[in-house]
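First up is the structure itself, then whatever we jot down about it.
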Amino acid sequence: QVQLVESGGGLVQAGGSLRLSCAASGRIFSHYAMGWFRQAPGKEREFVAAISWSGVNTYYADSVKGRFTISIDNGKNMVNLQMNSLKPEDTADYYCAAKIVGGSYYDTRNWSYWGQGTQVTVSS
């Protein structure tokens, strides 16, 4: 079992930055991947970014590429999402997730554990 707790959400103006963090605890193995998803009101949950537990491989949605950076401190079991040049369309609840099986990173069905989410609001 893996527990995930997000922090760092809040209200920011367009063009600003926020840093989300996810603290992971429980049974975590080196083949896991960690990721961030988001869900805006009335929309489906969508993939934002993912990183292998080693930190070697990273993946990003096209909508955030060049603006968001995912990183991992596996010594502290922390996953971070640095979000720069934020836009109003980035407004959503952001969820940390852990992936323990194969399959596409973009498919929510392949992610086994989820945090409770943290709200990000970007004002125009």
**OP:** Sequence neighbours fewer than 8 away in the same chain don't count; with that in mind, list the lysines whose C-alpha is under 30 Å from residue 43.
**Re:** 65, 87, 99
**OP:** Round to the nearest 10 and report in Å² the accessible area of residue 67, as given by a 1.4 Å probe over the protein chains' heavy atoms.
**Re:** 30 Å²
Original post:
Carbon-plus-sulfur fraction of the accessible area of the chain, 1.4 Å probe, in percent?
Top reply: 46 percent
Original post:
Summing Lys, Arg as +1 and Asp, Glu as -1, what charge do residues with Cβ under 12 Å from the Cβ of residue 28 carry, residue 28 excluded?
Top reply: +3
**OP:** Express the accessible area of the chain per residue in Å², computed with a 1.4 Å probe while the remaining protein chains stay in the model.
**Re:** 51 Å²
Original post:
Any idea how far the Cα center of the stretch 83-109 sits from the one of the stretch 45-64, in Å?
Top reply: 7 Å
Original post:
Using the alpha carbon gyration tensor of the stretch 1-79, what are the three equivalent-ellipsoid semi-axes (square root of 5 times each eigenvalue), largest first, in whole Å?
Top reply: 22, 14, 13
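The values are calculated or read from the model by the stated rules, or taken from the named source; none is laboratory data. Note that the coordinates shown come from a computational prediction; the quantities given were computed from them, not determined experimentally. So basically every Cβ, Gly included, is an ideal-geometry build from the backbone, and we count neighbours across all protein chains shown. We work out accessible area using only protein heavy atoms, side chains counted, and drop any ligands, DNA or RNA first. Shrake-Rupley method; radii C 1.70, N 1.55, O 1.52, S 1.80 Å.
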